[in-house]
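Here, each number is a calculation from the coordinates, and none is a lab measurement. None of these values were measured; they are calculated from a predicted model. Note that we place each Cβ from the backbone using ideal geometry, even for glycine, and neighbour counts take in every protein chain shown.
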Amino acid sequence: MFNKAALIRGWFTVATIFTCFTLGSYIGHYYFAGSRIPWVIGVIVAMAINWGSYGVLKKLT
C-alpha cells in the first residue's frame, strides 16, 4: 500500500517531469520560434533530476 514516502517520491517525479516538459515547450514556443530543441533539453534535464534524486528519495523509507 502507499505510505508517505511513496507519495512524496511519486509527487516529486511527476512534478519534475511536468515542470521540465512544460517549461521546455514554453521556451521553445515563445523564444525559439516553435523549436522542439528546448523541449528535448527539458526531457534530458527531467531525467537527470529524477535519476540524481532517486537515491536521496529512496532513503525516506
At Thr19 and Val45, where each label point lies 7 Å from the Cα along Cα→Cβ, what is the point-to-point distance in nanometres?
1.0
Cα convex hull of the chain: mean projected area in nm², to one decimal?
4.2
Per-residue HN-Hα couplings for the stretch 36-45, Karplus 6.51 cos²θ - 1.76 cosθ + 1.60 at θ = phi - 60°, whole Hz, x for Gly and Pro?
9, 4, x, 5, 5, 5, x, 4, 5, 5
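Show me 33-43, 48-58, 19-29 ranked by packing, highest mean number of other Cβ atoms within 10 Å first.
Descending mean neighbour count gives 19-29, 33-43, 48-58.
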Helix 4-31: inclination vs the chain longest Cα principal axis, degrees, rounded to 10, gives 0
